[in-house]
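Below you'll find the structure, written out as C-alpha cells, and then a few comments.
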Amino acid sequence: SKTTCKMIKPENILEPTDEQIAAWKETYGDVYKITVDRKTDWVNNPEDNELKEVVIDPGKVCYLRPPSRKILSYAQAAGATGTQIQFNEALLNGCWLGGDPIIKTSDVYFISIGAKLSEIIEIKESTLEKL
C-alpha cells in the first residue's frame, strides 16, 4: 500500500509565550513583532497623581522571522511579475510565524504594515576594494 506524506503546516500561534519566542529566535536568529492600530490613552493615576498610559485597544499583532534567500527570491519574483503589494504579500507569507490572520486578509491591516515589512530585510554595510 502507498503511504502519502503530507506536509504539515505549522500552527498559527496568536499569542506566543516567551518560550515560543525564544525557540523562534534559536531557529531564525531574530523575531519581529509588528503591531497595527494599537490605541492608548493617558489617565491620571489617583494613587500617585501621575499620568499613566492605558491600552484601550491592543491592536492586531503579527510575528515574523527574517527572510531567507529563498523567501526573498520568491518575493522578488512575485514583485517582478506583479507589484510591490505582491512582493509584500509573498514576504509576509514567507516570514510569518504567528499572529492575527486578519493582517493577511484585511486590506487595511495588510497595507498598514507594508512599510515595516522592508525593515525586516537586514542589510549590512559592505565595502568594495579593488586590489
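Data overview
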| quantity | calculated |
| --- | --- |
| Selection count where residues are small (Gly, Ala, Ser), out of contact with any Pro (no Cβ under 7 Å at 6 or more places or on another chain) and at pLDDT 80 or above, scope the range 1-32 | 2 |
| Candidate set: the range 80-96, residues that are farther than 18 Å from residue 66 by Cβ and of a type outside the set (Val, Ile, Thr); chosen: the one least open to solvent (accessible area, probe 1.4 Å) | 82 |
| Residues of the range 112-126 classified as within 23 Å of residue 24 (Cβ to Cβ) and either part of a loop (DSSP other than H, G, I, E, B) or touching a Lys or Arg at 6+ places or on another chain (Cβ under 7 Å) (or both), total | 4 |
| Conditions (1) of a type outside the set (Lys, Arg); (2) surrounded by 15 or more Cβ atoms within 10 Å (Cβ to Cβ); (3) touching a Leu at 6+ places or on another chain (Cβ under 7 Å); (4) at negative phi; number of the one not met by residue 99 | (4) |
| Among (1) surrounded by 11 or more Cβ atoms within 10 Å (Cβ to Cβ); (2) polar (S, T, N, Q); (3) within 30 Å of residue 18 (Cβ to Cβ) - the single one residue 105 does not satisfy | (1) |
| Wholly within the range 1-111, helices (runs of 4 or more DSSP H) carrying at least 1 residues that are over 15 Å from the mean Cα position of the chain (by Cα) and without any contact (Cβ under 8 Å) to a residue 40 or more places away in the chain | 18-28, 69-81, 84-95 |
| Among (1) closer than 26 Å to residue 14 by Cβ; (2) open to solvent by less than 70 Å² (accessible area, probe 1.4 Å); (3) modelled with pLDDT under 90, the one test that residue 113 misses | (3) |
| Set 12, 49: member being among the polar types (S, T, N, Q) and open to solvent by less than 80 Å² (accessible area, probe 1.4 Å) | 12 |
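The values are calculated or read from the model by the stated rules, or taken from the named source; none is laboratory data. All figures in this text were calculated on a predicted structure; none of them were measured in a lab. Heads up, the Cβs are rebuilt from the backbone with ideal geometry, glycines too, and the neighbour counts pull from every protein chain shown. In case anyone asks, the SASA skips ligands and DNA or RNA and just uses the protein heavy atoms, side chains included. Shrake-Rupley method; radii C 1.70, N 1.55, O 1.52, S 1.80 Å.
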